[in-house]
Structures are given as C-alpha cells and as structure tokens.
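The values are calculated or read from the model by the stated rules, or taken from the named source; none is laboratory data. Since this is a predicted model, take the numbers as computed values, not measurements. Ideal geometry is used to build each Cβ from the backbone, glycine not excepted, and the neighbour counts take in all protein chains shown. With ligands, DNA and RNA removed, areas are computed over all heavy atoms of the protein, side chains included. Shrake-Rupley method; radii C 1.70, N 1.55, O 1.52, S 1.80 Å.
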Amino acid sequence: MAIKLSMINMKGGVGKSTLAVNLAWHFAGYDTWKGKRILLIDLDPQFNASQYLLGVEKYSKIIENKEETVFHIFEQHNPSFKEINLDNVIKSVVHYTDKSTIDILPAQLELAYTLKNPGDKVHNLKKFLDKVEQNYDIVIIDCSPTDSILTEAAYLCSDYVIVPVRPEYLSSIGLPLLYQSIQEHKRKYPDSNIEIAGIVFNATDDYSPEEDKSKINVSEVAETLAIQVFENEISFSRSYAKGARENKPIFRTSYARWEKSNEFLRFTKELAGKVGIK
C-alpha cells in the first residue's frame, strides 16, 4: 500500500504546490529513498503543480490535445462527457535508472466545473486510486484552498495531511477550519484513519518581530488543536520560482544556494520519519 499525503490549507498562497512538487522530486531523486515510485495528483483547478512538474510546453500539449486529466475522473459518469478513456490519464514525468519514478495525474481549469456541479462524484478519485495504488510507494496530493468536493475526495484518498503555513498576519486563519473539516470527515466516515502529520512553516524570511509573532500564534493554535509543528522550516528563496520555470526541484535549479536545497532535504527527512517512509 502506498503512503498517501495531502498538502492542504484552507488559506491560499502558502506554497502547497511548490511543497508537493519538491517532495515528489526529493523522494524520487535522492538515494535515501532509492527506488521509490511517486504519483503526484493535482487537485487544484489552477493546475500550478501540473505546470511546475511537467513544464509549460508539455502541459499545454496535454490540454491542446484534449487528453484526459483528473477532471475526467470526476466526470467519467457524466452523460455530457462521452468517450472518456482513463487508461492514459496518468502522465510519466521521469524514470530513473534505479527504478525511481515520478508520475502525475494533472489538473485543468475545467476542474472548477466539478466544484459547481458536485453531484455524486466524491468517491470517483478514490475508486480510481484503488486500481493503480499498487504501482506506487508514495502518493502526494496537491489540494485547492477550499473546503469542497475536491477536499473531501482528497481526505478519502489520504493517510496524512501536511499543512503548509506562511508566518504572516492571519497565518493561522485556516487551521481551525481545516481541523473542523477533518473531524467532520471522520464522523461521516468512521473507518477513516486520516491524520494531520503536522504544520510546516513555509517561505519564512526571518523578518522579526512580525514573523516571530505569527509563528507563536500558529503554534498556540496548533497546541490547542493537538497538531504538531515540524521542527524544520522552509525559508523563502527565489530559486523555487526559478525552479518552477525550469521545471526542476530546488536541488537541481540553476544557481540555487546549497543551504536552501539542504534545508528542504532536512524537512523531507523529518516528514519521512513521521509518516513511515523508508
């Protein structure tokens, strides 16, 4: 069984897509996790993770050629969408010689249609993942910042939730909403074992005292909700934006500073230890 991780925060702009894509690259690209097979699922209609991981040109061809995406998994039983073929919906990104792989289930803007017309679609992604899960060791789900059918679909597929938080004013605003959302999911699905692995401070810049105040505020809210905060933080670096343009991870982005790359690796190792990835 794959270990399934969702990147969720009810507040936008916290770096979920950057975190998801770089985690995929780290688990596949480092000898520490040699031979790992990674699937990244993009559940955000803004499709940032899809463009980041595939590159703009390759992603654009998928859309231009009207290839199936995660949108079609949700809409596969919709009478308005005929001749859907999900056999090739998962796209290959990279295959390493040590058998490590990264695949992606991309998103597209039309996924917003599913939000407007949820119907009885929430289980479609879980049913699809059940069929392909044996092909992967780790599944990473990049979620949109809304409590919607897409969020519930992610919950159904997930073992753990990672919560990226930027230490800034109102940074804790989404935490109680997320906690309440997960508790409601567990009441609805008593067999669900989903857990919050922890909060990671993302895009920190050591701007004190405002950043320190925000971290204290988040930590206080996290303690009240019994949510752990990761020891390792991920500081701001323009190399992440540059990596998105080059569709490369931080450790392969041109002129990225070593300490920034090593910082993300330390977080990846801490996360792996918490969720049992060896």
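Yes/no per residue for (1) outside any loop (DSSP other than H, G, I, E, B); (2) open to solvent by less than 10 Å² (accessible area, probe 1.4 Å); (3) charged (D, E, K, R); (4) at pLDDT 95 or above:
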{"position": "Ile73", "(1), (2), (3), (4)": "yes, yes, no, yes"}
{"position": "Val93", "(1), (2), (3), (4)": "yes, no, no, yes"}
{"position": "Asp98", "(1), (2), (3), (4)": "no, no, yes, no"}
{"position": "Phe128", "(1), (2), (3), (4)": "yes, no, no, yes"}
Go through the stretch 1-51 residue by residue and tally those that are under 27 Å from Tyr169 (Cβ atoms) and not aliphatic (A, V, I, L, M). 14
Answer from Asn232, Asn193 - the residue that is without any contact (Cβ under 8 Å) to a residue 40 or more places away in the chain and either within 21 Å of Lys11 (Cα to Cα) or in contact with a Leu (Cβ under 9 Å, 6 or more places away or on another chain) (or both): Asn232
Might you check whether a residue that is of a type in the set (Ser, Thr, Tyr), surrounded by 18 or more Cβ atoms within 10 Å (Cβ to Cβ), within 18 Å of Trp25 (Cα to Cα) and touching a helix residue (DSSP H, G or I) at 6+ places or on another chain (Cβ under 9 Å) occurs anywhere in the stretch 51-61? yes
Residue list for the stretch 137-148, restricted to those being open to solvent by less than 20 Å² (accessible area, probe 1.4 Å) and over 10 Å from the mean Cα position of the chain (by Cα): Ile138
Starting from the stretch 205-226, keep only residues that are at pLDDT below 90, then list their pairs with residues that are open to solvent by 30 Å² or more (accessible area, probe 1.4 Å) whose Cβ atoms are within a distance under 7 Å, requiring at least 6 positions of separation or different chains. Asp205/Phe236
Considering the stretch 242-278, residues that are open to solvent by 40 Å² or more (accessible area, probe 1.4 Å), in contact (Cβ under 8 Å) with a residue 12 or more places away in the chain and aromatic (Phe, Trp, Tyr), and then whichever is farthest from Val200 (Cα to Cα), we arrive at Tyr255
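Of the residues Asn124, Asn117, which is touching a His at 6+ places or on another chain (Cβ under 8 Å) and either polar (S, T, N, Q) or surrounded by fewer than 21 Cβ atoms within 10 Å (Cβ to Cβ) (or both)?
Working: Asn117 fails: touching a His at 6+ places or on another chain (Cβ under 8 Å).
Selected residue: Asn124, the only one of Asn124, Asn117 that is touching a His at 6+ places or on another chain (Cβ under 8 Å) and either polar (S, T, N, Q) or surrounded by fewer than 21 Cβ atoms within 10 Å (Cβ to Cβ) (or both).
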Six or more apart or on different chains, Cβ under 8 Å: which pairs go from a residue in the stretch 19-37 that's farther than 16 Å from Ser239 by Cα and open to solvent by 10 Å² or more (accessible area, probe 1.4 Å) to one that's among the aromatic types (Phe, Trp, Tyr) and in a loop (DSSP other than H, G, I, E, B)? Could you list them? Gly29/Tyr96; Gly29/Phe251; Arg37/Tyr136
Sort through Tyr189, Tyr207, Tyr155 and tell me the only one that's surrounded by 20 or more Cβ atoms within 10 Å (Cβ to Cβ) and not small (Gly, Ala, Ser). Tyr155
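Which residue out of Pro45, Pro79 is in a loop (DSSP other than H, G, I, E, B) and in contact (Cβ under 8 Å) with a residue 40 or more places away in the chain? Break it down into steps so the answer makes sense when it comes.
Working: Pro79 fails: in contact (Cβ under 8 Å) with a residue 40 or more places away in the chain.
Checking each option against the conditions leaves just Pro45.
Counting just the residues of the stretch 229-239 that are of a type outside the set (A, V, I, L, M, F, W, C) and surrounded by 14 or more Cβ atoms within 10 Å (Cβ to Cβ), which one comes out nearest to Phe267 (Cα to Cα)?
Our first condition is that a residue be of a type outside the set (A, V, I, L, M, F, W, C); within the stretch 229-239, this holds for 231-233, 235, 237-239.
Filter once more, so that each one left must be surrounded by 14 or more Cβ atoms within 10 Å (Cβ to Cβ): 232-233, 235, 237, 239.
Working: Asn232: 5, Glu233: 7, Ser235: 11, Ser237: 15, Ser239: 17 Å.
Residue satisfying both the conditions and the ranking: Asn232.
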